[in-house]
Amino acid sequence: MNNWPRSVSPPYVVNIEDLRRKAERRLPRAVFDYVDGGAEAEKTMRENTRAFETLTFRPRNAVAVPQCDLRVNILGAELSFPAILAPVGYSRMIHPAGECAASSAAGKAGTAYILSTIAGYKLEDVRAASSGPIWYQLYMIGGRPAAEAALERAMAAGYSALFVTIDTGMIGNRERDTRNGIGQLMGGNWMGMIPYLSQFFSRPGWVASYLMDGGLHKLPNVIVPGKGPMSLMDVSDALSDSAVTWRDFQWLREVWPGPIVAKGVLTGDDARRAIDAGAAGVVVSNHGGRQLDGVSATLRALPEIVKAVNGQIEVLMDGGVRRGADIVKAICMGARAVLVGRAYAYGLAAAGETGAARAIEILRTDMERTMKLLGCSCIGELDRTYVDVPRDWPGAS
Ligand SMILES: Cc1cc2nc3c(=O)[nH]c(=O)nc-3n(C[C@H](O)[C@H](O)[C@H](O)COP(=O)(O)O)c2cc1C
């Protein structure tokens, strides 16, 4: 059953944490921390994973489950299992094959890939790399004209849903990035870079592949009229200049005919606003703990949003998913599917497309095993009766 290269096979890689360790060994500190880190004290980031650990299962034993049906229909697309690859900005820095490798891995596994606005490859190339559904994530950097041009291209290329990230009015305070000199390293001023260069000496493999790929590329999907492609260095200011508002949703509905999903909803109120704004879905997300530190773990926030939405639109969630059992727990708590970010990004860093594919397979096989051990043959049957929710969680009863 196992045709994986040795480097990503057992006993070397058994779970996502093993891929994380491999990523840490391959990436320079600044790049690893860009993926692995969160905002400020990283409290929310830790809480995301801890919430999954806190929730416990209530299995139904002495039940035969020879087969498990993991398929799910999300935004009109049939997925082989309810885990979607989340938008991970500038994946091309994590691995030279970046977004193309990740979308290809998703397609081969029968699931969807969401391409970040902050991508290193043209959206048409990322579409062509995958045999599965591809969705586009929008930041309004460069303003409406740049966004409209990208959306027209995305539509023509076959992107079938739009995820509008609403939690990034400015970039969160990621202290690891500041310490590692990310700003200086991207700034292009050699004198400014010098204090931070030593972290690259111990990672010659990454440095060689990065240089062979041509170094830092401009953003081929953010074309600012009169200026051309935006550079990565300008993204931070551009995000602050162009925060998405609910009013933009009205405009987006005119320029994007497909489903629109609000990514970054953490309260019932915002979920209702998303419905009023015409969204077809929400992602309960705190951006993997990378934006406002001190917000609730997404698994804890989920029930309030599920209740507010009351079946009117699709509810997805992300943050802290590292095991198939976590996906099962999210579905028991009312999510239709999860997005995974770091889980596949670690795989991509460790071994390119093979690593991303291995991450997906780990989650999938974990999930199937968990369902069988729970005594549940179909994800449509998963509900709160399969978990014990801690008493102090909002809406626990
Ligand atoms: C390195 C990295 C870059 C990210 N870039 C984006 C992005 O460009 N757009 C976006 O909407 N979310 C972005 N996210 C957030 C993810 O889409 C997702 O919400 C988050 O990773 C989920 O948490 P998890 O990493 O614990 O799975 C990024 C996350 C990481 C780790």
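Worth pointing out:
- Top-ranked residue in the range 307-318 [being in contact (Cβ under 8 Å) with a residue 60 or more places away in the chain and away from the ligand (no atom under 11 Å from the Cβ); ranked as farthest from Val72 (Cα to Cα)]: Lys307
- Boolean, Ala325 is in contact with a Lys or Arg (Cβ under 7 Å, 6 or more places away or on another chain) and touching a residue at least 60 places away in the same chain (Cβ under 8 Å): no
- When residues of the range 173-184 are limited to those that are surrounded by fewer than 21 Cβ atoms within 10 Å (Cβ to Cβ) and of a type outside the set (Lys, Arg), the one nearest to Arg253 (Cα to Cα): Asn173
- Matching residues, the range 66-120, being within 17 Å of the chain's Cα centre (by Cα) and of a type in the set (Ser, Thr, Tyr): Tyr90, Ser91, Ser103, Ser104, Thr111, Tyr113, Ser116, Thr117
- Gly355 being more than 14 Å from Ala86 (Cβ to Cβ) and in contact with a Pro (Cβ under 6 Å, 6 or more places away or on another chain): no
- Within the range 319-334, considering residues that are in a loop (DSSP other than H, G, I, E, B) and either within 20 Å of Glu304 (Cβ to Cβ) or away from the ligand (no atom under 15 Å from the Cβ) (or both), the one nearest to the chain's Cα centre (by Cα): Gly319
- Where a residue in the range 285-300 is at pLDDT 95 or above and its partner, wherever it lies, is of a type in the set (Lys, Arg) and more than 8 Å from the ligand (Cβ to nearest atom), with Cβ under 8 Å and at least six apart: Gly289/Lys43; Gly289/Arg46; Arg290/Arg174; Asp293/Lys43; Gly294/Lys43; Ala297/Arg50; Leu299/Lys329
- Filtered by the rule that a residue be within 12 Å of the ligand (Cβ to nearest atom) and on the phi < 0 side of the Ramachandran plot, the range 267-306 gives Val283, Val284, Ser285, Asn286, Arg290, Gln291, Ala297, Thr298, Leu299.
- Taking the listed residues Gly294, Gly352, the one that is assigned to a loop (DSSP other than H, G, I, E, B) and surrounded by fewer than 24 Cβ atoms within 10 Å (Cβ to Cβ) is Gly294, with no other qualifying.
- Note on the range 193-244: residues that are aromatic (Phe, Trp, Tyr) and more than 22 Å from Thr178 (Cα to Cα) total 0.
The values are calculated or read from the model by the stated rules, or taken from the named source; none is laboratory data. Keep in mind the model is a prediction, meaning the values are calculated, not measured. All Cβ positions, glycine included, derive from the backbone under ideal geometry; neighbour counts span all protein chains shown.
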